[in-house]
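Below is one structure, written out as structure tokens; comments come after it.
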Amino acid sequence: MKTPTVERETVTFRLPASLLQRARQDGAARGLAYVRSVEEALELYFFSRLPPPMAEALETDINELRLSRQNYFYSLLDARYRELIAKRALGDAKRSGTKRK
């Protein structure tokens, strides 16, 4: 049975050469396909645009949690989503006149 794949499109954009070189080396060392290495390069590029203390703290957190960057992003989005659900529930409770603990 074949593993389902996501349809992909070709996109052209420019990234720093040093970033792509790092992605190629890291991907090859981990046995990743070049395309996946470039996807990770985009994640690295995102981190490189953050203030250094923030990027360092997040990288440390990723390593301590032993997550991939992609799973780390998902966990952050999940946590924020749960905050939004709780906020909405609290707002609904206030509007209905009941208190939630």
Set S75, S18: member being assigned to a helix (DSSP H, G or I), of a type in the set (S, T, N, Q) and over 13 Å from the mean Cα position of the chain (by Cα):
S18
Counting just the residues of region 47-84 that are over 21 Å from P16 (Cβ atoms) and of a type in the set (D, E), which one comes out most open to solvent (accessible area, probe 1.4 Å)?
E64
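Report yes if L44 is open to solvent by less than 70 Å² (accessible area, probe 1.4 Å) and not in a helix (DSSP H, G or I), otherwise no.
Working: open to solvent by less than 70 Å² (accessible area, probe 1.4 Å): yes; not in a helix (DSSP H, G or I): no.
No; evaluated as a whole, the condition is false for this residue.
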Would it be correct to say that A23 is open to solvent by less than 80 Å² (accessible area, probe 1.4 Å) and free of Cβ contacts under 8 Å to residues at least 12 places away in the same chain?
no
Per the filter on region 5-16, residues modelled with pLDDT of 80 or more and either in contact with a Gly (Cβ under 8 Å, 6 or more places away or on another chain) or open to solvent by less than 80 Å² (accessible area, probe 1.4 Å) (or both) are P16
Testing R30 on (1) charged (D, E, K, R); (2) farther than 19 Å from S18 by Cα; (3) open to solvent by 60 Å² or more (accessible area, probe 1.4 Å), one condition comes back false. Which one is that?
(2)
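Which residue is modelled with the highest pLDDT, if the candidates are limited to region 85-101 and must be part of a helix (DSSP H, G or I) and open to solvent by 70 Å² or more (accessible area, probe 1.4 Å)? Explain how you work it out, then say what you get.
Here is the first cut: in region 85-101, the ones part of a helix (DSSP H, G or I) are 85-96.
Next, only the ones that are open to solvent by 70 Å² or more (accessible area, probe 1.4 Å) stay: 85, 87-88, 90, 92, 94-96.
Values: I85: 94, K87: 91, R88: 90, L90: 86, D92: 82, K94: 81, R95: 81, S96: 80.
Checked region 85-101; the qualifying residue modelled with the highest pLDDT is I85.
The values are calculated or read from the model by the stated rules, or taken from the named source; none is laboratory data. Bear in mind that the values here come from a model prediction, so they are computed numbers and not experimental data. A quick note on method: Cβ atoms are made from the backbone with ideal geometry, for glycine too, and the neighbour counts reach across all protein chains shown. With ligands, DNA and RNA removed, areas are computed over all heavy atoms of the protein, side chains included. Shrake-Rupley method; radii C 1.70, N 1.55, O 1.52, S 1.80 Å.
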